[in-house]
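Here is the structure we will look at, set down as structure tokens.
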Number of protein chains: 4
Amino acid sequence: MSKKINVGIIGATGYTGSELVRILIHHPSVEIAVITADSRKGERFVDVHPQFRGIFDAPLVGIEEIDKHDLDVVFLALPHGVSMGFVKDYLDRDFKIIDLSGDFRLSSPSVYKTWYKKDHNFSEGFESAVFGLPELFRARIKKAHLVANPGCFPTSAILALAPLLKEGVVDKNHLIVDSKTGVTGAGNKAKTNTHFPVVNDNFTAYGIKTHRHTIEIQEVINSYSGEESSVLFTPHLLPVDRGILSTCYLKPTKEMTEQKLSMLFKNYYGNEPFVRLVDQVPSIKQVRGTNFADLFTTYDERTQTIITVSVIDNLVKGAAGQAVQNMNLMMGLSEDEGLTIVPIQP
Amino acid sequence: MSKKINVGIIGATGYTGSELVRILIHHPSVEIAVITADSRKGERFVDVHPQFRGIFDAPLVGIEEIDKHDLDVVFLALPHGVSMGFVKDYLDRDFKIIDLSGDFRLSSPSVYKTWYKKDHNFSEGFESAVFGLPELFRARIKKAHLVANPGCFPTSAILALAPLLKEGVVDKNHLIVDSKTGVTGAGNKAKTNTHFPVVNDNFTAYGIKTHRHTIEIQEVINSYSGEESSVLFTPHLLPVDRGILSTCYLKPTKEMTEQKLSMLFKNYYGNEPFVRLVDQVPSIKQVRGTNFADLFTTYDERTQTIITVSVIDNLVKGAAGQAVQNMNLMMGLSEDEGLTIVPIQP
Amino acid sequence: MSKKINVGIIGATGYTGSELVRILIHHPSVEIAVITADSRKGERFVDVHPQFRGIFDAPLVGIEEIDKHDLDVVFLALPHGVSMGFVKDYLDRDFKIIDLSGDFRLSSPSVYKTWYKKDHNFSEGFESAVFGLPELFRARIKKAHLVANPGCFPTSAILALAPLLKEGVVDKNHLIVDSKTGVTGAGNKAKTNTHFPVVNDNFTAYGIKTHRHTIEIQEVINSYSGEESSVLFTPHLLPVDRGILSTCYLKPTKEMTEQKLSMLFKNYYGNEPFVRLVDQVPSIKQVRGTNFADLFTTYDERTQTIITVSVIDNLVKGAAGQAVQNMNLMMGLSEDEGLTIVPIQP
Amino acid sequence: MSKKINVGIIGATGYTGSELVRILIHHPSVEIAVITADSRKGERFVDVHPQFRGIFDAPLVGIEEIDKHDLDVVFLALPHGVSMGFVKDYLDRDFKIIDLSGDFRLSSPSVYKTWYKKDHNFSEGFESAVFGLPELFRARIKKAHLVANPGCFPTSAILALAPLLKEGVVDKNHLIVDSKTGVTGAGNKAKTNTHFPVVNDNFTAYGIKTHRHTIEIQEVINSYSGEESSVLFTPHLLPVDRGILSTCYLKPTKEMTEQKLSMLFKNYYGNEPFVRLVDQVPSIKQVRGTNFADLFTTYDERTQTIITVSVIDNLVKGAAGQAVQNMNLMMGLSEDEGLTIVPIQP
């Protein structure tokens, strides 16, 4: 048996950190060498995530411990704005970096500033960063040293939009993405808008016209298709823990039929390990806990509109799972290694 | 004090029946004279709805009892397809009829058959029926003998779409309604798709391209505006009890600004007792239990799209509350009498 | 028509404040004269509670405004430890005081210190304070100048325990109260343990052996029955907004039968306006939004145990509703005035 | 590598069936040879459980197919009353049987009839059946040909009660079990009491004094301890999918301390692979999807009561997971093989 891949996780206290551990401790080729959490340094991982008691008992260490390990891959599970500093410090190291924040997903520091409302302090990083959506950029990811792991909403939307744009069969200025997400998308810090009685038995929209994932979706499909499109994205908050469902509405520019649409997507995703083209409208629970993206597409002749419905687990295919998928590609492993998780339903 | 209005409710076992009672027992001008429920005849209302114990203790009687009372108004709280027979039997009586089913909301028996997949057995009823959305058809409702109470989704969508269509400022062939509803919209009969573990912590779309409320929305806004529009409507099922949130996307055909949009809606709804034009994106809980429709509108310059977000309680403004609002109009009462309910939040 | 009762509410931002308003604006004999909220002074009530838009539009003022009004009753909707200072300042005023905090519910400052872990700064208040559970202390409440409104858990438990203790038919040292509460019981401040993903689809116990309501239950049933009992109380956190269900287990010391048990409770509560003795196990939703306490009792011959199941809405009969019930008694009104609310179910 | 264990699953449509598959397809030593489902014969497993698409694609066959396979173990995932007929037919076959129904958990056909209200048609089966709770009956399970897999509530309660009874330190006639369960415990058939709006944001007790698991708990702890105890068991229905939390109240008959209590349980469960003795009150989510039983114990000196709080996933340690644990023991595998699942939280 070959040597295990040594992995470091920077940032252990959030949902992304605990999901990375949940996946990686069953990954046959991986050894979690070190986990840092400056705010809980000295405690143990199970103190923060008691569900791991008896399963994974690592200490939480300070960032300085990273240098004491011979690491192959480092995952940055940190907030936007914080991650960039670590990328700056580590980009010339031997280990590969997978950044789960939004800091290197966009095209430039100026676009970043416009949508994230803060200055970027490491513009050089943008050149190295590869957008880590394997279904679109597999070849580049395999060679990447720094992967910017996609946002959760963008993952669900881009998988639906990109093939249609690339084939040039839809109106570039009529791309409506109506998304609904579970609350873990907002992180594990308690806030007024995630207080249980505020969310429970309730539903609302938020971030209308201004959500940062708008530009991420738009830039990526443009880069992939070579077109200049304009994306409208509206997120809504579901009273559920996990899961994103995105409903997209597009206008065909060429004659469209149900069959053409179906063939088009089969050509793109027919052999993908994690995209399931489904003929029934999917629900978020049928991918819960897994790296699957389930995608339903249909054409409404009456209104001449293409409708797509895609679902992912925002913490897995929308974050930690996709990060591991990227790691597998970067390290030359089988793409689905450690990711053959069965959905937990109900 | 003037004589009370004598009300009969046909169909007491469903959510609509219990909501009518919840509202009417506090209505100053109304006396509930009789409640029928053939399937539970001989039992008492509290046997079916135990929450009313000590509050409202009426017997459930057979339909034949209707004739023994001198009624002013009869509410039909019956399933689609069942209601039409009662309208047929009762249309020449002295009492006014408010039908909460979908049997007389559409324009003709043939349209009904296309979307409801069953024959209509009382085509004459269509001529008498007035669509009971007071904000659009108040004058006609006041004189109506038969009101077809609107569907829940249509109420939330039409209020947003109608003014824009009427003013001719949006593309008639680009009307996208993405709606999300609570489970009570499916009625109180247990079915596989409303089984708790199926719905809880889950979310899905349904009825894509085929939901009956599509044609109801389209026909009503066309009738109101005199235009031939084409509506795309996609419902989704929320893991909540009550409430509908509809997000609509429209393309302006004339120069649009945030201010113009705001003025347009203020002109239509500024004096409405139950439409609240809100400047924060609304949530369904802020109207729970009440007859309010909260409506938020905005214009996205970047994508040149009008976005509206409207919320109602599907059982109140989407059913029983609007029925009482219609009754108030038909009987010459103050439109909000008995409907000044405060939302229960949280 | 007689002059309205002028009411002041001190503390408008919490759930108790908004529930007081929800109830009082429909109370026929009450005028809300002033609402204070030092932390949101200068804003309006609807800014904090947007569901009231178009219904109740009062300014939020500072505490100094209290003196500018000729008030009959003041409700203190403040945190424990804060309320006592206001009682100290206002106890010699003409208006009556209903304190919804826990500051004057116990027997003495020393007991308070033991269970609340803080010093009490107004021990004189304990002499004036009457425990505001009308079903047990109606006569005293009518004459009270200061009412200590009961805690939510105690309300649900004491109603079940007190008659059995008073009649001397159960073992005083075997009083087990297993309670389950909705999240609003924890207030409207976002905390880690009320973060949506922590509570949703989850369930846990908390405060085992140490919850403050233990001593409140024990002292009140002792004071009422003249016995020295010992209460074991265990609260649990439900993933619901509102409602408490308490299951009590007691051992009879005399021969017990289902019929004797039933008669005993009928004697105590048969004429109570807000206690419903039910013959089916109640659910929390059947009292939601109302001042009802539904109580089910049964005797298990096999294990010789009395089991009671009681449900209330923690924000209404467990807080604001009971406060209004107390106000009605203190002001000589009909006890149920303004409180004939129908449960909202589902 | 040794030959795989050939497994048959009889009854594929319920939650137990899908959980068995979820666990077994990752079990290194197991091959699922055949799955039957008479009601869905001819369809595929993914038609009933679409979450398995792309993961496990077996046909659903009729019961007659069982005979065509050389099976080592058969799991009966069938309703109570149905299972006994299959045990009767199969008990003399070579394969081992794990029955997940309640048909062979009790001591005799007459006890079965008293609590299940139906006749038992295979009384001979009771002699062969071993109660499949490994923590108590490991040695017997290893040699068993027929295992009666424990009920979900009993698993959570017996683990807490049995050591205390066995050691003779608690009053045998004072065993109070207050349990709260998720809705999957009621199966996947839609019923009125599991309709989403009935359960959501609600909570109630049920089956008071009569629930079948009462006698299962009582008989098992009696058999294990050699005592004649009397158990009071009250189940409640939580608005969650999965999980049981049982709070038990017991009276010590000997001097008790926190330390003695802790030592007692450590002696019993200190080396158990699936019992985690926790020092913080557990929540159901921290075992979700796994075979863990988390157990918290404490002694309340004030009321001289032992309190235990135990949590399990009712579908895993309370059903399919424990069945696999039993299979591992019966087949001489490592007890935790295929069961090292990490909880999915949130």
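The values are calculated or read from the model by the stated rules, or taken from the named source; none is laboratory data. Every value quoted in this text rests on a predicted model; they were computed, and no experiment measured them. In this analysis, Cβ positions are derived from the backbone assuming ideal geometry, glycine residues included, and neighbour counts consider all displayed protein chains.
Miscellaneous remarks
- Single residue of the stretch D:111-150 satisfying the filter (of a type in the set (Gly, Ala, Ser) and in a strand (DSSP E or B)) that is surrounded by the fewest Cβ atoms within 10 Å (Cβ to Cβ): D:129
- Among the residues making up the stretch D:257-298, those that are within 14 Å of chain C (Cβ to nearest Cβ), assigned to a strand (DSSP E or B) and crowded, with 20+ Cβ neighbours inside 10 Å are D:283, D:294, D:295, D:296, D:297.
- Restricting the stretch B:8-64 to residues that are closer than 21 Å to residue B:184 by Cα and over 24 Å from the mean Cα position of the chain (by Cα) leaves a set whose member that is surrounded by the fewest Cβ atoms within 10 Å (Cβ to Cβ) is B:39.
- For the stretch D:304-322, the count of residues that are within 9 Å of chain C (Cβ to nearest Cβ), at pLDDT 95 or above and surrounded by fewer than 22 Cβ atoms within 10 Å (Cβ to Cβ) is at least one.
- Which listed residue is surrounded by 22 or more Cβ atoms within 10 Å (Cβ to Cβ) and within 29 Å of residue C:211 (Cα to Cα), from C:102, C:81: C:102
- Taken over the stretch D:153-177, the criterion of being touching a Cys at 6+ places or on another chain (Cβ under 9 Å) and surrounded by fewer than 24 Cβ atoms within 10 Å (Cβ to Cβ) is satisfied by D:176 alone.
- Contact map, the stretch A:297-319: residues that are assigned by TED's automatic domain parsing to the domain that holds residue A:275 paired with residues that are of a type in the set (Lys, Arg) and surrounded by fewer than 24 Cβ atoms within 10 Å (Cβ to Cβ), Cβ distance under 7 Å, separation 6+ or inter-chain. Pairs shown: A:298/B:209; A:300/B:209; A:304/A:251; A:305/A:251.
- Helices (runs of 4 or more DSSP H) fully within the stretch D:151-250 counting 3 or more residues that are facing chain C (nearest Cβ under 9 Å): D:196-199
- Cβ-Cβ under 9 Å pairs, at least 6 apart or on other chains, the stretch D:47-58 side facing chain A (nearest Cβ under 10 Å) and under 15 Å from residue A:273 (Cβ atoms), far side part of a loop (DSSP other than H, G, I, E, B) and basic (Lys, Arg): none
- Just so you know, in the stretch C:84-99 the residues that are charged (D, E, K, R) and out of contact with any Phe, Trp or Tyr (no Cβ under 7 Å at 6 or more places or on another chain) include one that is surrounded by the fewest Cβ atoms within 10 Å (Cβ to Cβ), and it is C:92.
- Selection status of residue A:246, buried (at least 24 other Cβ atoms within 10 Å of the Cβ) and of a type in the set (S, T, N, Q): yes
- Scanning the stretch D:184-214 for residues that are surrounded by fewer than 23 Cβ atoms within 10 Å (Cβ to Cβ), touching a helix residue (DSSP H, G or I) at 6+ places or on another chain (Cβ under 7 Å) and over 30 Å from residue B:184 (Cβ atoms) gives a single hit, D:212.
- Checking each residue in the stretch B:36-45 for being out of contact with any Asp or Glu (no Cβ under 9 Å at 6 or more places or on another chain) and touching a residue at least 24 places away in the same chain (Cβ under 8 Å) picks out B:38, B:39.
- Unmet criterion (only one of (1) free of Cβ contacts under 8 Å to residues at least 12 places away in the same chain; (2) touching an Asp or Glu at 6+ places or on another chain (Cβ under 9 Å); (3) not charged (D, E, K, R)) for residue D:82: (1)
- Condition check for residue A:201: touching a residue at least 60 places away in the same chain (Cβ under 8 Å) and closer than 30 Å to residue B:311 by Cβ: no
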